[in-house]
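**Q** Take this structure, written in structure tokens, and hold onto it; I'll ask about it next.
Please treat every number below as a calculation from the coordinates, not as lab data. Being a predicted model, the structure only gives us computed values, none of them experimental. Cβ sites come from the backbone with ideal geometry, for glycine too, and all protein chains shown count toward neighbours.
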Amino acid sequence: MRYEYEILNLNCAHCANKIEEKLRGSNQFEAVTLNFMLKKLTLEVRQQVDKEELRGYIQGIVDDIERGVEIIYPKGKQQVALEQDDSQEHSHSPIHRELISLVASISLLLLGSVLKQDIFMIVAYGVVGYDVIWQAIKNLLKGRMLDENFLMTLATVAAFIIGEYPEAVAVMIFYKIGEYLQGRAVDYSTRQIEKAMDIRPDFARVIREKVLTVHPKEVKREEIIEVRPGEKIPLDGIVIKGMGTLDTSMLTGESLPVQVTVGDQVLSGSINQNSLLEVRVTEVFETSTVSKILELIQSASSKKSHSEQFITKFAKWYTPLVVLGALLVAIIPSIITGDIEHWVYTSIVFLVISCPCALVVSVPLGFFGGIGAASKQGVLVKGSNYLEELNAIDTIVLDKTGTITKGSFDVTHILVKEGSEEEILRLAAQLESLSNHPIARSIVKAYGKEKLEGLKVSDYEEVSGQGLVGKVKGESLLVGNEKLMKAHNLSVMDTNELGSRVHVAKNGRYLGCIIVADQVKEDSEKAIKALKARGIKKIIMLTGDRKEFAEYIGKQVGVDKVYAGLLPQDKVRHLEKELEEGKVAFVGDGINDAPVLARADIGIAMGGVGSDAAIEAADVVLMTDSLSSIGDVLDVAKRTRRVVTQNIIFALGIKVLILLLGLIGIANMWLAVFADVGVSLLAVINSMRILGKHQGFFIEALKKH
């Protein structure tokens, strides 16, 4: 059984890792995923349990690790907004209490400094640090001595012992200010990234006896909804009244508006720009386009990159090692030099700097920002691991139909050996009417779909990689490529016409073939040149099409190699050869591409026309059918890696520098606090650069709170 909960007031990524690890250690759960960025906890249990009892059990574990964190049931966006409005005045009280304690402690600190009275310092310390101290005591009783609360308490109490009263209080004050700002910054940045990806419609206007405004989940298939200018289309459907333009940029990243009229399909998440539309719903909310996209985005950050996995493991060792270093610094030099006070103070610097929050927060936030930046450009990356892996790709393998070419075929010639052109086209259309392949649709379109109404086909079979077999009115028909004809001992016509050949046979007699030609997409040649300019060493095209036509298309767009006449298993074989030589991405759109997409290092599906099977097997989904989107996501991946690397080097570099300065007596507790919470704050701000949202960050973050 699967259970989901939301998490409130969790702004410590290190604590989130500890909560997830603790829950995973329980025998009650088969799988545990805590998504720190989305504040969502997902659990899989072996058997059904009471949801409230489970929530209480989880809350107990969370309370042991981080104070103030609350586990709640998932709530809809509108419900959360309403509750926020209703409790606006109450939500300020914790912040007011925090501000009052800070102001009071600062006042007492100044008063104690002026009057030279230590009692004011002690009271100031208690006022600002009581919650940290209390949590530290609880952690100590439970045997957790490496918690940041315990370490900060130990450091400041040690400062009191050696007589550094003002510094002990000031460090606790600045630690609390830094923690508050860090929490606000993480919360604000996460909201900004979610906002950038937010395409969820808030409501639907359903026409029943009158127009009712309801949640999209309440609308059923075949009901009629009304979409007014400026509103998001809440559900997938068909326009039955009105005409206008849609802004689909939130779905595809494409800025050009799309014209729609009666009979056109519209997708949820699109914005109706200029006129009233009535739409017949074809998909309920759970299976609509917008829900599928949101599910892909939300599950993406649960698939951790190698960098995130490394930082999580590193954090487990970093704090114990630094604390051990603090203990050695306090004891060994004190014995040698006799200057106990100096070396105890130096060890305090080690204790303050021992929390790895800057790393644990900024690295996943950087990848989350990268996923958000990609989604803004119409590219869905299913995990941080795939976003990181894109940087290593040196070979791209492309399917032809629907990827390099438009996949919108037209019948250009009908070659006759026996019978007539009209008969060959009619017989082919009869079988192809049951297929969804682009070539099949072009043949049906050329013959006329309306002429096939009421047609009954028996013994129908689709032979993978060959074509179709069936009977119509007692006549046995074969419609497919040369392999299908040879399998039935039939010879085919030879021709120099460029295009895909669809051969037709009736009752064991070969009649002729239909030439169907595809058109290259406008941006394919330019996109392939751009990929090579980005450092892609090899670009290869695989297709089941005829060699002559495939090579003609390959030469036109500038790929390095072309392999034609391939079955699905042949594509996998060619891909595996390339995998032996480097990191390979495969780009495809059809159901036959699913095995190759799954086998590649990175599978990229053309999402606009791609089949559900292809999208399911892929690691990256291009919501536009444009190859140029591959270059866009490669740029986002590169930018994300650069920012994450900067954060790791900056955070570790500053911490190591302060530790070294502490050893030689230059660094004090103030610098140690900066190396802890200050560096975390700067790393969070740097992560927001991936979205291009960093100007006025502090002002906007504080305004929101």
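**Q** When the Cα atoms of region 410-517 are enclosed in a convex hull and the volume is divided per residue, what value in Å³ results? Present the calculation step by step, with values, prior to reporting the outcome.
**A** Numbers: hull volume 9.9 nm³, N = 108.
Expressed per residue, the convex hull around the Cα atoms of region 410-517 is 91 Å³.
**Q** From the backbone phi of region 456-461, what are the Karplus-calculated ³J(HN,Hα) couplings (6.51 cos²θ - 1.76 cosθ + 1.60, θ = phi - 60°) in whole Hz, Gly and Pro given as x?
**A** 10, 10, 10, 6, 6, 8
**Q** Based on other C-beta atoms within 10 Å, arrange D247, D459 from fewest to most. Don't skip to the answer; put the middle values down first.
**A** Details: D247 19, D459 10.
Fewest-to-most Cβ neighbours within 10 Å comes out as D459, D247.
**Q** Can you give the charge dipole size of the chain about its Cα centre, rounded to the nearest 20 debye, using +1 on the beta carbon of Lys and Arg and -1 on the beta carbon of Asp and Glu?
**A** Numbers: 80 positive and 89 negative charges, 129 e Å.
My answer is approximately 620 debye.
**Q** Could you rank the peptides 448-457, 265-274 by their average count of other C-beta atoms within 10 Å per residue, with the highest value first?
**A** Details: 448-457: 10.6, 265-274: 20.3.
Sorting 448-457, 265-274 by mean packing, highest first, produces 265-274, 448-457.
**Q** Stretch R534-R2 to full length: gain in nm at 0.36 nm per residue minus the Cα-Cα span? Working shown, then result.
**A** Details: separation 532, 0.36 × 532 = 191.52 nm, distance 4.25 nm.
Working it through step by step, the gained length comes to 187.3 nm.
**Q** Rg to Rh for region 220-283: what is it, with Cα atoms only and Rh by Kirkwood?
**A** On the way: Rg = 10.4 Å, Rh = 11.2 Å.
Rg divided by Rh gives 0.93.
**Q** Apply 1/(1 + (r/R0)^6) to the Cβ-Cβ distance of T245 and D394, taking R0 = 45 Å, and write down the FRET efficiency to the nearest 0.05.
**A** Working: r = 41 Å, r/R0 = 0.91.
About 0.65, to the nearest 0.05.
**Q** Here is a further query. Pull out the extension gain between R509 and H413, defined as 0.36 nm times the separation in residues minus the alpha carbon to alpha carbon distance; nm, one decimal.
**A** On the way: separation 96, 0.36 × 96 = 34.56 nm, distance 2.02 nm.
32.5 nm is the gain from fully extending R509 to H413.
**Q** On to the next question. Angle check, please: helix 340-352 long axis (alpha carbons) against the longest principal axis of the chain (alpha carbons), in degrees 0 to 90, nearest 10.
**A** The answer is roughly 30 degrees.
**Q** When a/c reaches 1.5 or more, the comparison of a/b and b/c decides; with that in mind, is region 526-596 rounded, prolate or oblate per its Cα gyration tensor?
**A** Verdict is oblate for region 526-596.
**Q** Another one. Quickly work out the L99-to-S420 label distance, labels modelled 7 Å from Cα along the C-beta direction, and quote it in nm with one decimal.
**A** 8.8
**Q** Principal axes first, then extents: for the Cα atoms of region 358-450, list largest minus smallest coordinate on each axis, whole Å, largest first.
**A** 76, 30, 18
**Q** Now for a different question. Return the aspartates and glutamates within reach of K51: Cα separation strictly under 17 angstrom, same-chain partners fewer than 8 residues apart disregarded; answer none if there are no such residues.
**A** E4, E6, E30, E70
**Q** Can you flag which of K538/K638; K483/K529; K376/K583; K176/K655; K376/K555; K217/K400 are past 29 Å Cα-Cα? Mind dumping the intermediate values first?
**A** Details: K538/K638 19 Å; K483/K529 35 Å; K376/K583 26 Å; K176/K655 19 Å; K376/K555 33 Å; K217/K400 38 Å.
Beyond 29 Å between Cα atoms: K483/K529; K376/K555; K217/K400.
**Q** Can you tell me the order of 403-409, 461-467, 352-358 when each peptide is scored by its average per-residue count of other Cβ atoms within 10 angstrom, highest first? It would help to have the intermediate numbers written out before the result.
**A** Values: 403-409: 22.4, 461-467: 15.9, 352-358: 27.6.
Final packing ranking: 352-358, 403-409, 461-467.
**Q** Sticking with this one: Using the eigenvalues of the Cα gyration tensor, what equivalent ellipsoid semi-axes result for region 300-408 when each is taken as the square root of five times the eigenvalue, whole Å, largest first? Before the final figure, lay out each step's value.
**A** Working: eigenvalues 508, 31, 15 Å².
Semi-axis lengths for region 300-408 are 50, 13, 9 Å.
**Q** From the square roots a ≥ b ≥ c of the eigenvalues of the alpha-carbon gyration tensor of region 2-74, which class results: rounded (a/c under 1.5), prolate (a/b over b/c), or oblate?
**A** prolate
**Q** Does region 468-596 come out rounded, prolate or oblate, given a ≥ b ≥ c as the square roots of the eigenvalues of its C-alpha gyration tensor, rounded meaning a/c under 1.5 and, failing that, prolate meaning a/b above b/c?
**A** Working: a/c = 2.79, a/b = 1.99, b/c = 1.40.
Judged from the Cα gyration tensor, region 468-596 comes out prolate (a/c at least 1.5, a/b above b/c).
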